[in-house]
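Novice: Just passing along the structure, written as structure tokens.
The values are calculated or read from the model by the stated rules, or taken from the named source; none is laboratory data. On a predicted model such as this, the values are computed, not experimentally measured, just so you know. Virtual Cβ from ideal backbone geometry, glycine too; neighbours counted across all protein chains shown.
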Amino acid sequence: MTTAKTVLITGCSSGMGRRTALALHRRGHRVYATARRPETLAELAVEGLTTLALDVTDEASMAAAVARIEEEHGSVDILINNAAYGLHLPVESATPGEVRAQFETNVFGLVRMTQLALPGMRRARHGRIVNLSSMGGRFSPPGGAFYHASKHAVEAISDSLRLEVAPFGIKVVVVQPGPTITEFADTAVGTMQAETDPADPYGRFRAELADMYANKAFRRRNGAVPAETATRVIVRAATARRPRARYAIGAMARGTMLAKRLLPDAAFDAVMRMNFPLPSA
């Protein structure tokens, strides 16, 4: 029989966060599903999940969510840092504000949620932190510098954290999805739409990149995995008695990360050129 755990998940308005919250709830766990806009969680509340407003760029909302769970259950047993979005722009085109916003959500929010949950986990002498990274945490294609950089950061932070908190009985797990059929692509495409200025040297590139993400990259025939498959892996990472340090999701994720590890940079760059559009000089 499964022992019920108290689970806090960020970014549950859609996609894998929403599906993971439901899956863990149906396995008998006490799930606190959170999102920046709590009205998006109404269906989860009907299912019996506890829903909270939590914006990973707002200190007060993060602290309030953790404080409520600790008041009601002592500590967060499982923290799933899922909230993220993908900024896809050429390095030259991104504004400082866009880059900061990417890291505020994907990195600094994850770090702060972890810092807030850890004291309770240490007092309880157990806990698990599941950080949603990406296969993009191991390589970076054209147009993806800042999103992929944020996931590289998640990988590095998780490696240090895993060693730091193990003496307190806390496990840290990284999940590395490849292309997954969720709403993520819609947000990514929205950040890369081409400029109307014909003088923009990256305009055509951005249009081609948006077309690739909208119509090719996130299709099952091109190797994207169903959301249900990704959800099962995240649930396993959160609940396995002896979890691995990393769970890659999908053959594309495993194959691409292996290629990055084994190929010389020039050879891997050639792979990127074959699979991604590039600007025209």
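Novice: Which one is surrounded by the fewest Cβ atoms within 10 Å (Cβ to Cβ) among residues in region 99-133 that are touching a Ser or Thr at 6+ places or on another chain (Cβ under 8 Å) and more than 18 Å from Val154 (Cα to Cα)?
Specialist: Arg123
Novice: Right, something else. I need the helices (runs of 4 or more DSSP H) fully contained in region 1-97, keeping only those with at least 3 residues that are among the basic types (Lys, Arg), buried (at least 20 other Cβ atoms within 10 Å of the Cβ) and more than 22 Å from the chain's Cα centre (by Cα). It would help to see each step written out before you state the result.
Specialist: Details: elements: 15-26, 42-47, 59-73.
Qualifying helices (runs of 4 or more DSSP H): none found.
Novice: Then there's this: Go through (1) touching a helix residue (DSSP H, G or I) at 6+ places or on another chain (Cβ under 6 Å); (2) hydroxyl-bearing (Ser, Thr, Tyr); (3) within 17 Å of Glu228 (Cα to Cα) one by one and return the number of the condition Thr6 breaks.
Specialist: So Thr6 meets the others, but not (3).
Novice: Now a separate question. Scan Ala237, Ala199, Ala230, Ala259 and give me the residue that is assigned to a helix (DSSP H, G or I) and without any contact (Cβ under 8 Å) to a residue 40 or more places away in the chain. Can you show your working first?
Specialist: Details: Ala237 fails: without any contact (Cβ under 8 Å) to a residue 40 or more places away in the chain; Ala199 fails: assigned to a helix (DSSP H, G or I); Ala230 fails: without any contact (Cβ under 8 Å) to a residue 40 or more places away in the chain.
From the options Ala237, Ala199, Ala230, Ala259, the qualifying one is Ala259.
Every residue, every condition in (1) modelled with pLDDT under 85; (2) under 16 Å from the mean Cα position of the chain (by Cα); (3) buried (at least 18 other Cβ atoms within 10 Å of the Cβ), yes or no:
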residue	(1), (2), (3)
Ser140	no, yes, no
Val154	no, yes, yes
Pro179	yes, yes, yes
Thr196	yes, no, no
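Novice: Further question on the same structure: Considering only region 234-248, state which residues are crowded, with 21+ Cβ neighbours inside 10 Å and under 18 Å from Leu22 (Cβ atoms).
Specialist: Listed by number, the residues that qualify are Ile234, Ala237, Ala238.
Novice: Scan (1) surrounded by fewer than 20 Cβ atoms within 10 Å (Cβ to Cβ); (2) assigned to a helix (DSSP H, G or I) for the single condition Phe146 breaks and write down its number.
Specialist: (1)
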